[in-house]
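Please treat every number below as a calculation from the coordinates, not as lab data. Values in this document were obtained by computation on a predicted structure and should not be read as measured data. So basically every Cβ, Gly included, is an ideal-geometry build from the backbone, and we count neighbours across all protein chains shown.
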Amino acid sequence: MTYRMLRIIPARRATKRATVVSPENEILDHFRKRIHQMGGGNYQTLIDTALREHIRRGGIEAAVRRVVREELKEAGLERAAGE
């Protein structure tokens, strides 16, 4: 049986905690490509930023509602307040 030793890296800030997340390759490729287009950086930090923004905006439901409202407004179909 083979065992693999993992090196534990202490967190740089008290706000971070070591954890294991396994996103699909498509997700990782997207963020790595964005970092390359930006001229460098850390794709993990970019993922943190995207997740933080998602939480700040209220998640997927809030995002869908926001987009629907914008589309209705552009189409001239927005409802009057209180209807």
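Which net charge results for the neighbourhood of VAL64, defined as the other residues with beta-carbon distances under 13 angstrom from its beta-carbon, given Lys and Arg at +1 and Asp and Glu at -1?
Spelling it out: positives minus negatives among the neighbours equals +1.
Within 10 Å, count the other beta carbons around each residue, average over each peptide in 55-65, 28-38, and list them highest first.
Sorting 55-65, 28-38 by mean packing, highest first, produces 28-38, 55-65.
Separation between the ARG52 and ARG17 pseudo-spin-labels, each 7 Å from Cα along Cα→Cβ, expressed in nm?
So the two model labels end up 1.8 nm from each other.
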